[in-house]
Structure formats: structure tokens, C-alpha cells
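First up is the structure itself, then whatever we jot down about it.
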Amino acid sequence: MTDQHSRGAWASRIGFILAASGSAIGLGNIWKFPYIVGENGGGYFVILYLVAILLVGSPIMVAEVLVGRIARTSPMDAFDRILGARTAWRGVGVLSAFTGFAILSYYSVVAGWSLHYLYLSLMNAFEGLSPDAIAGVFAKFYANGGLNLFWHFIFMVLTLSVVQAGVSRGIELAAKIIMPALLLMLLALLIYASTLPGFKPSLDFLFRFELGRVTAAGALEAVGHSFFTLSVGMGAIMTYGSYLRQKDDAVGSALTIAGLDTMVGMAATLILFPILLTAGLETKSGPGLVFVSIPLALSQFPGGQIWMICFFFLLFFAALSSAISLMEVVAASAIDSFHWPRKSASWILGIVVFLLGVPSALSGGDTVFGKPWASIFGRNFFDLFDHLASNWMLPIGGLFISLFVGWFMPADLREQGFKEGSRLAALYPVWLFILRFIAPIGLLTVFLAKLGS
Ligand code: TRP
């Protein structure tokens, strides 16, 4: 049996596109992007993010898919497999696994929020509440550490039950139904949002570019988010790419995924901001943004409860398909490199992720010496983990991937890999130029600007 058969492969290119979109589209698009746009003050930030997707995130995504498809193994061994020797590049694979731990630990906490909101919608808890009371529901929940911990636990158990069984047909099949449902739901909400009086002011807020407002911190956040939202920079897409067949179009697939993912992020902001502005609420409301604006809008709807149940179910599912990919990288490293059985690797490492997430789950809550204990280090844990992982670890991982593919891997493998099965073969020189110069120089500039600021 060939290597490819024993490791399994996607049944079709669509299978890969769906699974990778399931990884990319998640809380990053619907929960995180709108709130960091709000915190960074809109316009210029959205544009920086779009530039980062185009010039940094997507080219590196293509690079990751290629490395995966050529090496056909998990990130820890992929670089050495391509070079045919044991090298220091293995360190990039190790960084990937650590990044997976860090991200999943708080990702699961927020995914737990979507479960809590699913539960609240099932209980019809928002019926007849005023806008302020709806905002208050989130604040009260955020402060309740025990409840946060409970949902974090439940979400990790759900994620692990899928990963320990192997990323089975189940999740692929479910993604085939749920991803289109999510897109339709967003489209319906977008149409609704476009009828609100707050729609026009939102457009102004989101697309006005003022160069003077660009800061190093904002640029780093935009670049970091382009990695986070595309699931790039820690080998998740590489792992999924390793299950592609050699003749499948890697470039077209990567660009399709990046396009879909960007559309979902933009749609989420175009839905949530009009709702908030129309209700006269703060756009800088931080991590609670989606959890306030959706109940606010949907409790006005005829049949709103059903819509809300659907929305939080879809949000939960989008989070689950992303969390699975994060956990898969962590587990696959232990399976491939240390030959742990899949079940033990999943449950043991899953417990570590759960424990690592405990401080994040308690971030909004319990006090020590009269201060919320999580802010004793100056910012809360959940922010700290998010900041470290998405603004530093992912872009650093991405920098190494672009350098590896741009400069260190055998040129013939790279060129053949890019052109094989692709209708976009003519883009090769453009892509290579971006990967060799624009992406690394852009990343270094942003790092240095931030360190110097
Ligand atoms: N991209 C996902 C989101 O936007 C999160 C995610 C899943 C991720 N896998 C990843 C982020 C790997 C970075 C790396 O919600």
C-alpha cells in the first residue's frame, strides 16, 4: 500500500475545500473580527486586514498547502521530509504544536459562550428584555467563572470525542450541510441589516481610510488576524493539505478558501455594526459584541427565538470545526512523532488544553485582593493568550514557512508543486516574489515597528 493510502486522502477536492473552510471559518470571523474592528476604530483597520490577507495570509496559505501536499506528514516532520535530512526546521513544527495548545485553550472558552447562548435561546431568555438588559446578560455571564468553566469543559469534551475517533466522514458530512446553512443564515441577516438606519453609518465606519490613524499595534493586530482567521501559521492547513491527492489543484483551493473566509468576516461586521449603531450601543464593546448584538436584533424578529437558536447553533458548529483542526495538529504531532495511539494522544493532550484554558475561563470573574484576579498581570489571561498566539506565534510561524518555501526548499519541487493541476500556473512568478520579499519584509517591518513603539 502506498503512503497515501495508509494515511487516507480527501475523497474529492471539494472535501478538502470544505474541511479547510471549516477550519478557517470560525469564531475568528464572527466573534473576533467584528470586535477588534470596533476596538481599533474601524476604517483603516479593515483595509489593513484586507491588504494583509492578500499580500501575506493567502500566499502563505498556498505555501502551507504545497508543503503539506508534497511532504504528506504532520508539521513536525514535514520540513525535514522535504529536505531529506534532520534539520533545525523541525523547530518550526514544534512551535506549531505549542501555538495549537495556546490558541485552543481560550478558543474553547469562547466556544463555550456560544453553547451558553444556545442554551439561553432555547430557554427563550431574551424575550421582552430591553437593550441594556440584553447587554447586561453578557456582563453577568462573563463574570461567572464557574459557568464559563463548565461550558469550556463541555466544549472540550465534544471536540475530543471527534478527534479521538479520527477526523471521520462524520465531520466532513456535517460540514457539507452546516457550512452552506451558515452562509445562507449570514446572507439573510445581511439583508436584514441593510434595511436598518445604522447601515449607512456602519459603511462609513468600516471603509473610511485615514492613513494618520495607522499604528504599529493596529498593523500587528491586522496581520495577526489575517493568520488567525485563515488558520495559517501553525501547520493546520499544512496537515489538511497533506491529505490532498497529488493531482489536486492546491493553489485554486487555497484561494477559494481564503476568499470564502474573508467574505464571512466582512459579512459578520456588516451585520453586527448596523445592529449596534441602530440600537445606540457601543461599538467598542469588546469580546461581548456578537453575544449582545445578535440577541438584540433577533429578539425583535417575528419568530426571533428560532432564528437565534439557529444562529448560536451554527456559531457553535463553526467553532467546533475550527477547534477540531487545532486539536488535530496537536494530536497528530504526538501520533506521528512519538507514536502515541490516537485515543490516548487526544484525551491526554486534551486535558492539558483544558487546564491551560482555566485562567481564561476565569478571566471575567473572581477577585483576588479586590481585583479581578486575571488582570493582576495588567491584562486578562484570555487577552494575553490571544495576543501572544495570534499577534506573535502565528506570524512568526508564517514568516518561517514563507522563508522555507521561498528560499530553502528545492526549487523544482516548489515550481512543480505550484503548477501541478493548477489553472493558475501563470501566477507562479508573482506568488514567488510575494513569498520571497513582500511577505517576509512586511512581517519584519510590522514586528520591528511594534517592538520599537
Ligand atoms: N481560523 C479559525 C477561526 O477563524 C481558528 C483556527 C482554527 C485557527 N485552526 C487554526 C487559527 C489554526 C490559527 C491556526 O476561528
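Taking 19 Å as the straight-line reach from the Cα of LYS343, the aspartates and glutamates in range (excluding those fewer than 8 positions away in the same chain) are GLU328. What 222 nm value per residue comes from the helices of the chain, counting each DSSP H run with n ≥ 4 as -39,500 (n - 2.57) and dividing by all residues, nearest 500 deg cm²/dmol? Counting only the DSSP helices, I get -23000 deg cm²/dmol. Probe radius 1.4 Å, ligands and nucleic acids ignored: give me the carbon and sulfur share of the accessible area of the chain as a rounded percent. The value for the chain is 70 percent carbon and sulfur by accessible area. Annotation for ARG86 and LEU413: the two label points, set 7 Å from Cα along the Cα-Cβ direction, are 1.8 nm apart. Taking VAL430, VAL330 and ordering them by how much accessible surface each has at a 1.4 Å probe, largest first, produces VAL430, VAL330. Rolling a 1.4 Å probe over the protein chains gives ASP204 an accessible area of about 70 Å². In summary, the aspartates and glutamates within cross-link reach of LYS247, defined as a Cα separation below 13 angstrom excluding same-chain residues under 8 places away, comprise GLU420. Could you tell me which of SER422, LEU230, PRO287 has its Cα farthest along the dipole of the chain towards the positive end, charges placed at Cβ (Lys, Arg +1; Asp, Glu -1), taken about the Cα centre? Sorting the options by dipole projection puts first SER422. Relative to the current alpha-carbon distance between ARG379 and TRP392, full extension at 0.36 nm per residue lengthens the span by 3.0 nm. Each Lys and Arg contributes +1 and each Asp and Glu -1, all at the Cβ; summed about the Cα centre of the range 76-230, the dipole is approximately 300 debye. Basic side chains Lys and Arg get +1 at the Cβ, acidic Asp and Glu get -1 at the Cβ, and with that the dipole of the chain about its Cα centre reaches some 560 debye. On a per residue basis, the chain carries 38 Å² of accessible surface, using protein heavy atoms and a 1.4 Å probe. With N counted as the residues of the range 278-330, its alpha-carbon radius of gyration over 2.2 N^0.38 Å works out to 1.44. Among LYS450, LYS32, the sequence by solvent-accessible area, most first, with a 1.4 Å probe is LYS450, LYS32.
Ranked by the mean number of other Cβ atoms within 10 Å of their residues, highest first, the peptides 98-106, 382-390, 194-202, 332-340 fall in the order 98-106, 382-390, 332-340, 194-202. Dipole of the range 1-154 computed with +1 at Lys/Arg Cβ and -1 at Asp/Glu Cβ about the Cα centre; of TRP31, ILE53, LEU129, farthest Cα towards the positive end is ILE53. Listed values for the range 49-60 are Karplus-derived 3J(HN,Hα) couplings in whole Hz (6.51 cos²θ - 1.76 cosθ + 1.60, θ = phi - 60°), namely 4, 5, 5, 5, 4, 5, 9, 10, x, 5, x, 6, and x replaces Gly and Pro. Ordered by solvent-accessible area of protein heavy atoms (1.4 Å probe), largest first, the residues ILE257, ILE47 come out as ILE47, ILE257. Ellipsoid fit via the Cα gyration tensor, the chain: semi-axes of 34, 24, 22 Å, each the root of five times an eigenvalue, largest first.
Working ranking of peptides 67-80, 175-188 by packing, defined as the average number of other Cβ atoms within 10 Å per residue, highest first, is 67-80, 175-188.
Considering all different alpha carbon pairs of the range 185-272, the Kirkwood hydrodynamic radius works out to 15.7 Å. Taking amide hydrogens as placed 1.01 Å from N in the peptide plane, the amide H of ARG245 sits under 5 Å from those of TRP10, each at least 5 positions away in sequence or on another chain.
Measuring only protein heavy atoms, the 1.4 Å probe finds PHE209 accessible over about 90 Å². Helix 90-122 and the long axis of the chain differ in direction by around 30°, with both axes built from C-alpha atoms. Each residue of the range 253-267 was assigned a 3J(HN,Hα) from its phi angle through the Karplus curve 6.51 cos²θ - 1.76 cosθ + 1.60 (θ = phi - 60°); the sequence is 4, 4, 5, 4, 5, 4, x, 4, 4, 5, 4, 5, x, 5, 4 Hz, with glycine and proline shown as x.
Evaluate the Debye formula for the range 1-136 with equal point scatterers sitting on the alpha carbons, no solvent, and hand back log10 of I(q)/I(0) at q = 0.09, 0.10, 0.13, 0.15 Å⁻¹, in q order, two decimals. Normalising to I(0) and taking log10 leaves -0.46, -0.56, -0.86, -1.05. Positive-end ranking of ALA267, ALA334, SER322 along the dipole of the range 222-362, with charges on Cβ about the Cα centre, is headed by ALA334. Checking the a/c ratio against 1.5 first, then a/b against b/c, what shape does the Cα gyration tensor give for the range 110-177? Verdict is oblate for the range 110-177.
The values are calculated or read from the model by the stated rules, or taken from the named source; none is laboratory data. Values in this document were obtained by computation on a predicted structure and should not be read as measured data. Positions of Cβ are generated from backbone atoms using ideal geometry, with glycine treated the same way; all protein chains shown enter the neighbour counts. Protein only, heavy atoms only, side chains kept; ligands, DNA and RNA dropped before computing areas. Shrake-Rupley method; radii C 1.70, N 1.55, O 1.52, S 1.80 Å.
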